[in-house]
């Protein structure tokens, strides 16, 4: 089901003429006094002439690019000036600026088979940022087109010009970049798949397919097992659809694991709102309501591919929220996995119901931390916009996630969980209701989820964090940097970096 887009990544450090390509990309920064040509492999004379021509050519260094006739010394037909954005005098561009510039260049150079990326790369981290950007920029999704006539093929080969080429450390870093980008792109493809083709059963099959060849175990709960074992949240949300729900557990458990984490993902393959029906405008975007499950699945597969010494388990809570004859009604009471009861006051607040079941199941294995990822609330967009995810929960986990996100180049922001929000979830007939205070709804939803986080063997609540990706998981605007339209695959990179950080600390 998931046809991944992959690019061949390599490095070169010699004369560009000996490594010909279809385009050579050089960086330009936006300085305080005008455009600044960044370090590049051109001769001093050619670089000086080009730098002197930037203003006349209208090049500003902003995050865009300009094509020019190729210089003979580059061995390429096209020279591309790619903006990296604002830079301070004498400063090098950040890793994320390099990642975005490389991704933008590769995305816009579709149709050319091979591209050389000649950005300044003083460190291995710089090279891997360029590699990641290139691999993410080369993404394409054409599976449901009857013809690709008129569409440009993505760049297939990216050569990164760097004096660090050839080192064993760099080769390992490039391999990591490729695996992480593959996980992000697989997440994008799952999100982009139409609900006619991605539904609970087929999502479970896609998880098995993506896991082939990796040291992971995939277990699937069908509707009969879910009903028998008391997963009332998942069943309550999914029973209005003819396509019955699933719970998928993906386990990576290397023998010498030094840490243990659980990832829980919201997998609503389509969300009509149920009986509390959504407005028709833009409802098609609700095919992306399973992005959290796609993120946690591909994060665990990336960790397995990298061979990291961590036991990582993904719980994919998958259902289709439809207003059928069997659908839950407002005022119904569901008994969740573990026994707590929830009064359903709004069937469009369904994500927290399936997630609650998954969080209880994850808690029973006593992980060091639980992180849940969900396109949970429209309130996230109101609070933080389209590109920044909200993170809430235990300070020890949210702080580490913010650090990891900064390193990975993704936008997240910690939010509080005010205690006054919990009483707004009180129910007259059940243990709690599925909606509470409307204002601050992103935080209220997280407070609901916190009620289902279990205790560790010492009787303390398991460290936990909730990531709301309602906005940044799906790009309805124009492409930018390495980000294409529709599915973005956001937070996969953050979660991989988080695991790397906790392993390094251990």
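The values are calculated or read from the model by the stated rules, or taken from the named source; none is laboratory data. Here the structure is a predicted model, which means the values were calculated and not measured. As a convention, Cβ positions derive from the backbone with ideal geometry for all residues, glycine included, and neighbour counts pool all protein chains shown.
Only one of 42, 57, 68 is assigned to a loop (DSSP other than H, G, I, E, B), farther than 30 Å from residue 206 by Cβ and at pLDDT below 85. Can you tell me which?
57
Which of the residues spanning segment 293-321 are within 20 Å of residue 270 (Cβ to Cβ) and part of a loop (DSSP other than H, G, I, E, B)?
Scanning segment 293-321 gives no hits.
Mind listing whichever residues of segment 256-279 are out of contact with any strand residue (DSSP E or B) (no Cβ under 9 Å at 6 or more places or on another chain) and either farther than 25 Å from residue 455 by Cα or surrounded by 24 or more Cβ atoms within 10 Å (Cβ to Cβ) (or both)?
275, 276, 277, 279
Within segment 241-253, track down each residue that is over 20 Å from residue 291 (Cα atoms) and part of a strand (DSSP E or B).
The answer is 252, and nothing else.
Working only within segment 477-501, note down all residues that are part of a loop (DSSP other than H, G, I, E, B) and out of contact with any strand residue (DSSP E or B) (no Cβ under 8 Å at 6 or more places or on another chain).
Once the filter is applied, which keeps residues that are part of a loop (DSSP other than H, G, I, E, B) and out of contact with any strand residue (DSSP E or B) (no Cβ under 8 Å at 6 or more places or on another chain), segment 477-501 yields 477, 478, 479, 481, 482, 489.
What's the total number of residues in segment 130-171 that are part of a loop (DSSP other than H, G, I, E, B) and buried (at least 24 other Cβ atoms within 10 Å of the Cβ)?
4
Name every residue in segment 76-93 that is under 26 Å from the mean Cα position of the chain (by Cα) and either more than 20 Å from residue 36 (Cα to Cα) or without any contact (Cβ under 8 Å) to a residue 60 or more places away in the chain (or both), in order of residue number.
If the condition is that a residue be under 26 Å from the mean Cα position of the chain (by Cα) and either more than 20 Å from residue 36 (Cα to Cα) or without any contact (Cβ under 8 Å) to a residue 60 or more places away in the chain (or both), then 82, 83, 84, 85, 86 are the ones that fit.
Does residue 353 count as surrounded by 24 or more Cβ atoms within 10 Å (Cβ to Cβ) and in a loop (DSSP other than H, G, I, E, B)?
no
Pick from 390, 409, 436: which is buried (at least 20 other Cβ atoms within 10 Å of the Cβ), at positive phi and modelled with pLDDT of 95 or more?
Every option except 409 fails the conditions.
With the condition being buried (at least 24 other Cβ atoms within 10 Å of the Cβ) and in contact with a helix residue (DSSP H, G or I) (Cβ under 9 Å, 6 or more places away or on another chain), I'd like the helices (runs of 4 or more DSSP H) fully within segment 183-240 carrying at least 3 qualifying residues.
Hits in segment 183-240: 200-211, 232-238.
Out of segment 191-220, which residues are over 22 Å from residue 241 (Cα atoms) and either touching a residue at least 40 places away in the same chain (Cβ under 8 Å) or not assigned by TED's automatic domain parsing to the domain that holds residue 239 (or both)?
Matches in segment 191-220: 209, 210, 211, 214, 215, 216.
Somewhere in segment 77-98, is a residue more than 23 Å from residue 31 (Cβ to Cβ) and assigned to a loop (DSSP other than H, G, I, E, B)?
The answer is no; no qualifying residue exists.
Quick check on residue 423: is it surrounded by fewer than 21 Cβ atoms within 10 Å (Cβ to Cβ) and in a helix (DSSP H, G or I)?
Taking the combined requirement at face value, the residue satisfies it.
Would you mind telling me which numbered condition in (1) outside the structural domain of residue 37 (by TED's automatic domain parsing); (2) surrounded by 24 or more Cβ atoms within 10 Å (Cβ to Cβ); (3) not in a helix (DSSP H, G or I) residue 180 fails?
(3)
Residue 400 - would you say it is assigned by TED's automatic domain parsing to the domain that holds residue 321 and touching a helix residue (DSSP H, G or I) at 6+ places or on another chain (Cβ under 7 Å)?
Yes.
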